Amino acid sequence: MLSDVLVTMGANVVEDPEPRMTGNGTMWTRLRLAATPRRYDKGSDAWVDGETVWLDAVCWRRLAEHVVDSLRKGDRVVVHGRLRRRAYEVDGQKRHAFEVEAESVAPDLSRGVATVRRAQRSGAAAAVTAAPVTPAPEGGTEPAAPAGGPGFVSTADATADPWATPVSVAAA
């Protein structure tokens, strides 16, 4: 939505994420994050830490599953999502907290390397209809579209390219 406050932040994971379930069986997890800004102080000729910002990022469904399987305490991450204000009560006192409803979470590659492994979906939605790929025209510099049409990814292409997104799925 246009009125949502979107944030993108780099932070450190301060607790191992744990899987949780709602009453209706929806998986979620909470990422506890800490971000401490640093700046160079010319006067002291040293780096100075700013005030640490502590923030929770709430992840739902498949994102929660992937976060639990992939991240551990100490990992540096980039989180993007909606900033939310959550109200709650403790001993009759109303309180509030800000948290990020995460849309995406990724390892910060400026601090290390990661190997991306495409998650396999289960059920009928995971099946991809295979079709032969049309070879590039002779002398052409761009690959030709697959025989299944624009945006179609064959199973051979999907296994070779971890970023490929199957568009055509088999009917259940």
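The values are calculated or read from the model by the stated rules, or taken from the named source; none is laboratory data. These numbers come from a predicted model, not from an experiment. Positions of Cβ are generated from backbone atoms using ideal geometry, with glycine treated the same way; all protein chains shown enter the neighbour counts.
Might you let me know whether the range 51-73 holds any residue that is modelled with pLDDT under 95, of a type in the set (Ser, Thr, Tyr) and under 18 Å from residue 100 (Cβ atoms)? The answer is yes; a qualifying residue exists. When residue 88 is tested against the conditions (1) of a type in the set (Ser, Thr, Tyr); (2) free of Cβ contacts under 8 Å to residues at least 40 places away in the same chain; (3) surrounded by 10 or more Cβ atoms within 10 Å (Cβ to Cβ), the lone failure is (3). The number of residues in the range 1-58 being exposed (fewer than 10 other Cβ atoms within 10 Å of the Cβ) and in a loop (DSSP other than H, G, I, E, B) comes to 13.
Only one of these is loosely packed, with under 10 Cβ neighbours inside 10 Å, of a type in the set (S, T, N, Q) and modelled with pLDDT under 95: 129, 115. Name it. Sole residue among the options that is loosely packed, with under 10 Cβ neighbours inside 10 Å, of a type in the set (S, T, N, Q) and modelled with pLDDT under 95: 115. Any idea which of 90, 79, 67 is more than 21 Å from residue 4 (Cα to Cα) and in contact with a strand residue (DSSP E or B) (Cβ under 6 Å, 6 or more places away or on another chain)? It is 67.
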